[in-house]
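Heads up, the thing below is written out as structure tokens.
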Amino acid sequence: MSREHNFHTTGIVSCETIVDDDQLHIDLRLNLDEIAAAEVERLRQTPGRPPTQSQLHCLAYQIYRARRARGRLFDPQLLGEPAWDMLLALYSLPPRGEMLTVTGLSLAAEVPGSTGLRWQAKLELEGLIKRGPHLKDGRVQLVALSQQGRLLLDRYLLRLFCCHGEIPNLSGG
């Protein structure tokens with residue numbers, strides 16, 4: 001009689017079943033630890049050069065563009081993550097010479113202005129972005145990543161880059 005059948009008919013799980021399950025979890029953890037240790041050793045023996053800031057910006061821009069492209073195939077309301085789109089835009093567009101205003105950031109995330117303002121307020125409250133006046137036109141507010149926002153995006157992109165060993169091709173081709 002199988003364990004499942006025994007449980008369903010009696011509603012009781014034997015101690016042997018619990019012990020077997022515990023042993024399976026222990027064995028699985030040990031195997032994962034061994035795999036992780038082997039991966040660490042492999043990386044130690046063949047250290048890669050960490051990506052440059054330019055490569056991280058390129059990766060962020062590829063992610064940003066891939067997210068814009070999916071909006072041409074799917075209803076953008078199904079895929080909405082305005083905060084993430086804003087963070088990617090603030091990370092990847094300024095190195096390309098595109099400074100973002102409050103309005104421009106909403107457009108970059110492809111959300112209505114009121115939605116963009118709400119998300120920008122949330123991101124600012126979380127300490128991920130900062131807003132300030134344009135140096136030449138005080139009526140315009142520029143938006144940029146805060147130091148914390150940049151650090152967190154650097155960490156995320158570095159991990160993504162290291163998982164692939166290079167800039168992954170996100171263009172679909």
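The values are calculated or read from the model by the stated rules, or taken from the named source; none is laboratory data. Since this is a predicted model, take the numbers as computed values, not measurements. Positions of Cβ are generated from backbone atoms using ideal geometry, with glycine treated the same way; all protein chains shown enter the neighbour counts.
In the set (1) buried (at least 21 other Cβ atoms within 10 Å of the Cβ); (2) part of a helix (DSSP H, G or I), the condition left unmet by VAL143 is number (2). Look at the range 152-163: where a residue is touching a residue at least 40 places away in the same chain (Cβ under 8 Å) and a partner is not in a helix (DSSP H, G or I), sitting 6+ places away or on another chain with Cβ atoms under 6 Å, you get PHE161/PRO51. I'd like to check something: does the range 62-80 contain any residue that is β-branched (Val, Ile, Thr) and within 14 Å of the chain's Cα centre (by Cα)? Yes. Is it the case that the range 82-98 has a residue that's of a type in the set (S, T, N, Q), in the same structural domain as LEU152 (by TED's automatic domain parsing) and outside any helix (DSSP H, G or I)? No, that holds for no residue.
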